[in-house]
Amino acid sequence: MDVARWGAQTLEELDWISPPPAAHWQQAQQLLTSLGILEQSTQLTLTSTGETLVELPLPPRLARLLLDAQRYGQLQSATEAAVLLYDGAAKSTQDSSLLSAIEYRKTGSQKHAWQRTLSGLSKHFSEASAPIQRSLAECLAVAFPDRIAKRHRQHDDHILFKLSNGRQAALPSHDSNAQSEFLIALELGGHAERDADQIYLSHPILKRELENALADRLARVERCEWDKASGGLIGAEETWLGKLKLDQISLTPLPESAVTLASCHYIRQKGLSSLHWDDDSLALRARIRFAHQHLDAAIPDASDRCLLKRLEDWLAPYLVGVTRIQQLEKIRLVEPLMALLSWSQQQQLKALPLRVQVASGSSIKVDYQGDVPVIRVKLQEMFGETQSPRIAGKVVKIELLSPGQRPLAVTMDLAFFWQEAYPDVRKEMRGRYPKHPWPENPLTAEATAKTNRALRNS
């Protein structure tokens, strides 16, 4: 705070005998910003509140506490709390209650020293009329926003609380504040290596007081997630203070943005196999991948990594209204996959036909799963053909099938197959499939999908 008053902007601008660790400097800057003493910027600039507080002979938290207490009619009780916190004598008491600790100091053996400190501090503030009243708890919350604690669970003979700074802290079960839903942990002790700190001084606060005092620091987040038990989406609006979730309420109906976010998260967790990949969508995905490899590297590669990374681009518009896993599994993926491509890329994809016409006149589906396009066709439908078709400059691999749809041969050179391999195939297959044509010269025979009888009758 003094550094900001001197006009320095960075740690390096001052000549330190022992410079503070960078992490400590950052924590101090974050605290002063949260107290409204520094502006929300990378520069060390005091706010108007900071200009006032920097003149007071008090640590920043206590100065902020008394400034708010003066504004909201709690100066006497807040000054007593500030004296106790300034002396740091809370650890000697058996209970964490702030009010009990104050009463103990006011009436105990150190009551005269207490009164002198109280009188000295009171000279810096005067009670003023307060048009808006706030409780002591609300004033404390503004001074200790990172120490707001919510009751979490019991652990042995202690109650664990979660703090807004992300840490956990414990109170003995017999403590007068142990059953409070919310409290302010005014004094803590512990080490970073420990799972939970010990609360030495605390003050209870109601949820409505928290929401009133720290309204500008609360974040409301709409969240949806898939529920395994019901197989559907459940949604809630969560209220957060720092790293502490104060509460949540159910959302009905579910916001479209939250549904999309939850669905994309679910798919990334479960993988693309959680979607319904029918033959058409698998074929399109293979075409897109092939186009990326052989037509234009700017076309998305349609790999798992690509599709998962860009879920919001291609699938999100089709997730609207999807609130059940069964609905998610029924989405047809052909149209969403096309949305992955720009208009010009969709035009490029037309260079990769879904089907090609073979010698018999049949339209045969093209498989783009491998490095070269593949068609699977009955051998008799290729009679008379000596050239394999080409797609995107690639010779199509032909799997020649028996009349029973079993593979007989794979070739990318039909002329060679007819001359060198077909005679052996004919010798073996003509007895197994006598109802189908097996001519001696396949180059002059009619390409057909028909049987011998059907050919005679046609």
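The values are calculated or read from the model by the stated rules, or taken from the named source; none is laboratory data. Quick caveat: nothing in here was measured; it's all calculated off a predicted structure. Backbone-built Cβ (ideal geometry, glycine too); neighbour counts: all protein chains shown.
In the stretch 52-79, what count of residues is obtained for those that are more than 10 Å from Phe125 (Cβ to Cβ) and in a loop (DSSP other than H, G, I, E, B)?
Of the residues in that region, 8 qualify.
Quick one: would you say Arg324 is farther than 18 Å from Ile288 by Cβ and touching a strand residue (DSSP E or B) at 6+ places or on another chain (Cβ under 7 Å)?
When the stated conditions are applied, Arg324 passes them.
Going through the stretch 224-248 one residue at a time, which ones are over 23 Å from Pro145 (Cβ atoms) and basic (Lys, Arg)?
Within the stretch 224-248, just Lys228 meets the criteria.
Filter the stretch 418-458 for residues that are part of a helix (DSSP H, G or I) and among the hydrophobic types (A, V, I, L, M, F, W, C) and give the result.
Listed by number, the residues that qualify are Trp418, Ala421, Val425, Met429, Ala454, Leu455.
Could you list, in sequence order, all residues of the stretch 335-350 that are surrounded by 13 or more Cβ atoms within 10 Å (Cβ to Cβ) and either over 35 Å from the mean Cα position of the chain (by Cα) or not in a loop (DSSP other than H, G, I, E, B) (or both)?
Glu335, Pro336, Leu337, Met338, Gln345, Gln346, Gln348, Leu349, listed by residue number.
Any chance the stretch 209-224 includes a residue that's in contact (Cβ under 8 Å) with a residue 40 or more places away in the chain and in a strand (DSSP E or B)?
For the stretch 209-224, residues in contact (Cβ under 8 Å) with a residue 40 or more places away in the chain and in a strand (DSSP E or B): absent.
For the stretch 98-110: of the residues being surrounded by fewer than 13 Cβ atoms within 10 Å (Cβ to Cβ) and in a helix (DSSP H, G or I), which is modelled with the highest pLDDT?
Ranking the candidates gives Glu103 first.
Pull up the stretch 118-150, narrow it to residues that are hydroxyl-bearing (Ser, Thr, Tyr) and part of a helix (DSSP H, G or I), then point me to the one that is nearest to Leu244 (Cα to Cα).
Ser122
Does at least one position in the stretch 277-289 carry a residue that is touching a Pro at 6+ places or on another chain (Cβ under 7 Å), at pLDDT 90 or above and of a type outside the set (A, V, I, L, M)?
Within the stretch 277-289, none of the residues are touching a Pro at 6+ places or on another chain (Cβ under 7 Å), at pLDDT 90 or above and of a type outside the set (A, V, I, L, M).
Restricting attention to the stretch 402-417, which residues are surrounded by 13 or more Cβ atoms within 10 Å (Cβ to Cβ), assigned to a loop (DSSP other than H, G, I, E, B) and either touching a residue at least 60 places away in the same chain (Cβ under 8 Å) or touching a Phe, Trp or Tyr at 6+ places or on another chain (Cβ under 9 Å) (or both)?
Of everything in the stretch 402-417, those that are surrounded by 13 or more Cβ atoms within 10 Å (Cβ to Cβ), assigned to a loop (DSSP other than H, G, I, E, B) and either touching a residue at least 60 places away in the same chain (Cβ under 8 Å) or touching a Phe, Trp or Tyr at 6+ places or on another chain (Cβ under 9 Å) (or both) turn out to be Ser402, Pro403.
Looking at Ala113, Ala82, which is the one that is in a helix (DSSP H, G or I) and either surrounded by 14 or more Cβ atoms within 10 Å (Cβ to Cβ) or of a type in the set (Val, Ile, Thr) (or both)?
Checking each option against the conditions leaves just Ala82.
List the residue pairs whose Cβ atoms are under 7 Å apart, where the first residue sits in the stretch 41-60 and is outside the structural domain of Lys123 (by TED's automatic domain parsing) and buried (at least 17 other Cβ atoms within 10 Å of the Cβ), the second is at pLDDT below 80 and of a type in the set (S, T, N, Q), and the two are 6 or more positions apart or on different chains.
Leu44/Gln9
Would you pick out the residues in the stretch 351-393 that are assigned to a strand (DSSP E or B), in contact with a helix residue (DSSP H, G or I) (Cβ under 9 Å, 6 or more places away or on another chain) and surrounded by fewer than 17 Cβ atoms within 10 Å (Cβ to Cβ)?
Of everything in the stretch 351-393, just one residue is assigned to a strand (DSSP E or B), in contact with a helix residue (DSSP H, G or I) (Cβ under 9 Å, 6 or more places away or on another chain) and surrounded by fewer than 17 Cβ atoms within 10 Å (Cβ to Cβ), namely Lys365.
Can you tell me how many residues within the stretch 249-265 are free of Cβ contacts under 8 Å to residues at least 60 places away in the same chain and either buried (at least 16 other Cβ atoms within 10 Å of the Cβ) or farther than 30 Å from Arg147 by Cα (or both)?
10
Determine the pairs where a residue that is in the same structural domain as Ser263 (by TED's automatic domain parsing), located within the stretch 317-342, has a partner that is assigned to a helix (DSSP H, G or I) and among the charged types (D, E, K, R) with Cβ atoms under 7 Å apart, the partner being 6 or more residues away or on another chain.
Between residues of the stretch 317-342 that are in the same structural domain as Ser263 (by TED's automatic domain parsing) and residues that are assigned to a helix (DSSP H, G or I) and among the charged types (D, E, K, R), the close pairs are Val320/Glu256; Val334/Asp280; Leu337/Arg285; Leu340/Asp313.
Find all pairs meeting these conditions: Cβ atoms under 8 angstrom apart; at least six residues apart or on different chains; first residue within the stretch 431-447 and under 14 Å from Gln419 (Cα atoms) and at pLDDT below 95; second residue of a type in the set (Asp, Glu) and assigned to a loop (DSSP other than H, G, I, E, B).
Sorted first by the residue in the stretch 431-447, then by its partner, the list stays empty.
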